[in-house]
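J.: Here's a structure for you.
The values are calculated or read from the model by the stated rules, or taken from the named source; none is laboratory data. What you are looking at is a predicted structure, and each value in this text was computed from that prediction instead of being measured. Here Cβ is always computed from backbone atoms with ideal geometry, including for glycine, and neighbour counts include all displayed protein chains.
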Amino acid sequence: MNPLSLIVRTVCNVFAWFMVIFGAYIIVHGHLSPGGGFQGGAVVATFIAFLLVAHGGKRLLGWVKEGLFSAVESTGLLIFLGAGLFGISTTFFYNFLAKKGGLFGSVVPLGSNTGVLNSSGTIALMNLAVGLEVVAGLSLIIVYMFKGIRLELDREEESHDR
């Protein structure tokens, strides 16, 4: 896959970061509005596909480290399972952080949703973990699919050369 024109690459360089910010917003606000870890992770992973199309595969493979994506995916899974197991004394996935104060456990005021980000307890933590998992997993799928296409095209070129 060859890079596209300078105009397309420039537009990608400017607007691709907005996708990452919007995806992070969806992940962080998942317990307050429609969205969450999976939806936001899919938006952020679209960033990799956008880079692949605009800048070409060779350049993307120079930027992307598959080991880092695998580590992020594993970290997201461990955080998710850890959050589920910490409440095991009561039940699996018990919301042990709710109403405890601190980063994730602020008490929710009565009335309509006021948008208090730290009011969900473990739900926000699990949204972040799922977001990490989906970003890394979908990014790896995009990279491996490109590598598979490239490998197949290389085989076809070799068979035509013979």
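One line per residue, one yes/no per condition, for (1) farther than 20 Å from residue 137 by Cα; (2) in contact with a Pro (Cβ under 9 Å, 6 or more places away or on another chain); (3) in a helix (DSSP H, G or I):
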| residue | (1), (2), (3) |
| --- | --- |
| 8 | yes, no, yes |
| 60 | no, no, yes |
| 90 | yes, no, no |
| 98 | yes, no, no |
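J.: Here's a follow-up. Quick one: would you say residue 51 is surrounded by fewer than 17 Cβ atoms within 10 Å (Cβ to Cβ) and part of a helix (DSSP H, G or I)?
T.: No: the conditions fail for residue 51.
J.: Looking at (1) surrounded by fewer than 17 Cβ atoms within 10 Å (Cβ to Cβ); (2) within 17 Å of residue 147 (Cα to Cα), which is the one condition that is false for residue 60?
T.: (1)
J.: Restricting region 111-126 to residues that are of a type in the set (Gly, Ala, Ser) and not in a loop (DSSP other than H, G, I, E, B), which is modelled with the highest pLDDT?
T.: The selected residue is 124.
J.: To continue, here is another question. For region 53-69, which positions are touching a helix residue (DSSP H, G or I) at 6+ places or on another chain (Cβ under 7 Å) and either small (Gly, Ala, Ser) or modelled with pLDDT of 90 or more (or both)?
T.: 54, 57, 69
J.: Which residues, taken from region 26-46, are at pLDDT 90 or above, surrounded by fewer than 20 Cβ atoms within 10 Å (Cβ to Cβ) and not aliphatic (A, V, I, L, M)?
T.: Within region 26-46, 38, 39, 46 meet the criteria.
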